[in-house]
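The block underneath contains the structure these notes are about, expressed in structure tokens.
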Amino acid sequence: MDFDLSEEQQLLKDNVDRLTANRYAEIKTRTELMKSAKGYSEAFWKEFAEMGLLAIPFAEEHGGMGQGAIETMLVGEAFGRAQVLEPYFPTVILAGSALRLGAGEAMKAAVIPEVAAGTLTLAFAHQEPEARFDLANVTTSAKADGKGGYVLEGAKCVVLGGDSADKLVVSARVSGDRASKDGLALFLVDANAPGVTRKGYPTQDGTRAADVTLSGVKVGADGVIGEAGKAYPVIERTVQNGIAYLAAEAVGGMNALHELTVEYLKTRKQFGVPIGSFQVLQHRSVDMFVSVEQAKSMALYACVMVDEPDESERRRAMHAVKVQIGKSARHVGQEAIQLHGGIGMTMEYKGGHYFKRLTMIDLMFGNADHHLRELTKAGGLLAA
């Protein structure tokens with residue numbers, strides 16, 4: 001298998017790396033954006049749209065670029081290295097995947113061009129307070145109104161980018177028990193529709209999220225994504241796309257954090273010599289490097305397997321990816337903080353920002369321990 005980038009992919013990588021490095025060159029830029037009304041730069045978002053980054057995974061007939069997992073991985077890695085705050089993950093990867101995989105042609109034609117142009121932001125409102133990591137555990141209800149539409153009642157929590165999104169992709173149950181995979185549906189809801197209440201807040205990694213309450217929210221037949229009651233496969237695929245992207249973002253962050261740590265070991269002095277000359281610290285930095293390389297391998301594996309047609313193989317692969325990414329992120333993050341000492345935890349230094357983001361990535365959609373249990377239940381990566 002050829003793992004070399006094509007000429008077009010290399011050009012994309014170079015351009016995204018250069019743009020994000022320039023825009024987030026100073027940690028001050030990130031900390032100031034975190035305090036802004038939306039928590040990100042609308043000017044930067046427009047630049048991403050002009051470069052075509054928001055159009056990458058969508059089909060050309062819907063205003064996209066028709067590219068795949070490798071191109072998305074390149075963006076994720078660059079965004080992880082730069083610690084980008086713009087809502088690419090909730091808009092393009094999560095909600096965008098739900099539309100791309102489940103929506104009808106009319107909805108795709110109406111919504112995706114606006115997403116690609118940077119004029120419409122989305123959020124994936126699926127997580128509920130008591131669900132933990134069970135994707136099927138949904139209590140938000142959708143009752144048919146007799147006119148082809150539905151009325152939504154319920155609550156969603158930690159909706160990434162949900163406080164500033166223009167529209168929400170909401171999961172709700174039309175039938176079945178609360179943990180049943182059957183009976184789930186997805187709806188495209190205007191974030192400012194009557195009955196929608198959003199409580200926004202900053203998350204630990206500097207991005208933003210919201211708790212969303214739905215009270216008598218009316219959605220017309222044109223707001224139903226795919227077939228009502230059959231949405232679980234789309235939800236699962238959406239989350240798997242999210243895991244693949246997060247793996248790439250984590251690699252970008254771990255790479256940068258390792259480089260930052262090695263540079264610190266070369267310049268910080270104790271007893272008149274750089275602390276990087278101490279063999280025990282050299283060994284620890286090498287162990288960090290090994291963890292980064294293991295994560296890189298699994299990020300590539302995620303790209304290969306995210307579109308695997310066999311759902312059981314794809315599911316096992318994503319469990320394995322999340323296990324290794326979580327373990328590597330924890331190891332690299334903790335070692336970086338310890339080797340930096342007190343400065344590593346300050347918000348005036350990039351190291352602390354990387355550590356917090358890597359910690360959040362480990363927890364998203366289930367931490368390493370959760371996915372290890374699920375992988376074990378499935379019989380391991382190479383199940384019989």
Problem - Net charge over other residues, Cβ less than 14 angstrom from the Cβ of VAL321 (K, R count +1; D, E count -1) - result: 0
Problem - Protection proxy ranking, peptides 265-278, 226-239, 158-171, average beta carbon neighbours within 10 Å, highest first - result: 158-171, 226-239, 265-278
Exercise for the section: Collect residues whose amide H, placed 1.01 Å from N in the peptide plane, falls under 5 Å from the amide H of GLY226; neighbours closer than 5 in sequence don't count. Expected result: GLY104
Handout entry: Net length gained if the chain between ASN192 and SER141 were fully extended (0.36 nm per residue, minus Cα distance)
Key = 16.5 nm
Practice task
Express the C-alpha Rg of the stretch 1-131 as a ratio against the empirical globular expectation 2.2 N^0.38 Å, rounded to two decimals.
Solution key: 1.09
Exercise for the section: Can you tell me the relative contact order of the stretch 7-120? Whole percent, Cα pairs under 8 Å, sequence separation 6 or more. Expected result: 32
Problem - Residue-span extension gain [SER175 to GLN338] - 0.36 nm each, minus C-alpha spacing - result: 53.6 nm
Problem - Calculated SAXS-style log₁₀ I(q)/I(0) at q = 0.09, 0.14, 0.15 Å⁻¹ - the chain, Debye, Cα scatterers - result: -0.52, -1.23, -1.40
Exercise for the section: Report Rg(Cα)/(2.2 N^0.38 Å) for the stretch 99-256, keeping two decimals. Expected result: 1.02
Exercise for the section: Note down the nm distance, to one decimal, between modelled labels 7 Å out along Cα→Cβ at LYS377 and at ASP287. Expected result: 3.2
Fill in the blank from the handout: Longest principal axis of the chain (C-alpha) makes with the long axis of helix 232-267 (C-alpha) an angle, in degrees to the nearest 10, of 20
Handout entry: Of MET360, ILE337, ILE70, farthest towards positive along the dipole that unit charges on Lys, Arg, Asp, Glu beta carbons give the chain
Key = ILE337
Exercise for the section: Compute the acute angle (0 to 90°) between the alpha-carbon long axis of helix 279-305 and the principal axis of greatest extent of the alpha-carbon atoms of the chain; round to the nearest 10°. Expected result: 30
Exercise for the section: Calculate how steeply helix 368-377 sits against the longest principal axis of the alpha-carbon atoms of the chain, using the helix alpha-carbon long axis, and give the answer as 0 to 90 degrees to the nearest 10. Expected result: 60
Handout entry: Per-bin percent of Cα-Cα distances, the stretch 232-272 [5 Å]
Key = 6, 20, 14, 13, 11, 9, 9, 6, 5, 4, 2, 1, 0
Exercise for the section: For each pair in LYS108/LYS167; LYS181/LYS377; LYS38/LYS167; LYS167/LYS350, compute the distance between the two Cα atoms and list the pairs where it is over 24 Å. Expected result: LYS167/LYS350
Handout entry: Charged-residue dipole, Cβ positions (Lys, Arg, Asp, Glu), the chain about Cα centre, Debye nearest 20
Key = 1260
Practice task
Considering only VAL189, VAL115, VAL304, give the residue with the highest GNM mean-square fluctuation for the chain, with springs between Cα atoms whenever their separation is below 10 Å.
Solution key: VAL304
Exercise for the section: Two decimals is fine: what's Rg over Rh for the stretch 199-333, C-alpha atoms, Kirkwood radius as Rh? Expected result: 1.16
Completion exercise
Two pseudo-spin positions, 7 Å from Cα along C-beta at ASP222 and at LYS269, lie apart in nanometres by 7.0
Completion exercise
Any trypsin sites (Lys or Arg not before Pro) in the stretch 39-140 that lie in a DSSP loop and have at most 14 other Cβ atoms within 10 Å would be ARG132
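Taken together, the values in this text are just the output of simple stated rules run on the coordinates, not laboratory data. Everything quoted here is computed from the prediction, not taken from an experiment. In this analysis, Cβ positions are derived from the backbone assuming ideal geometry, glycine residues included, and neighbour counts consider all displayed protein chains.
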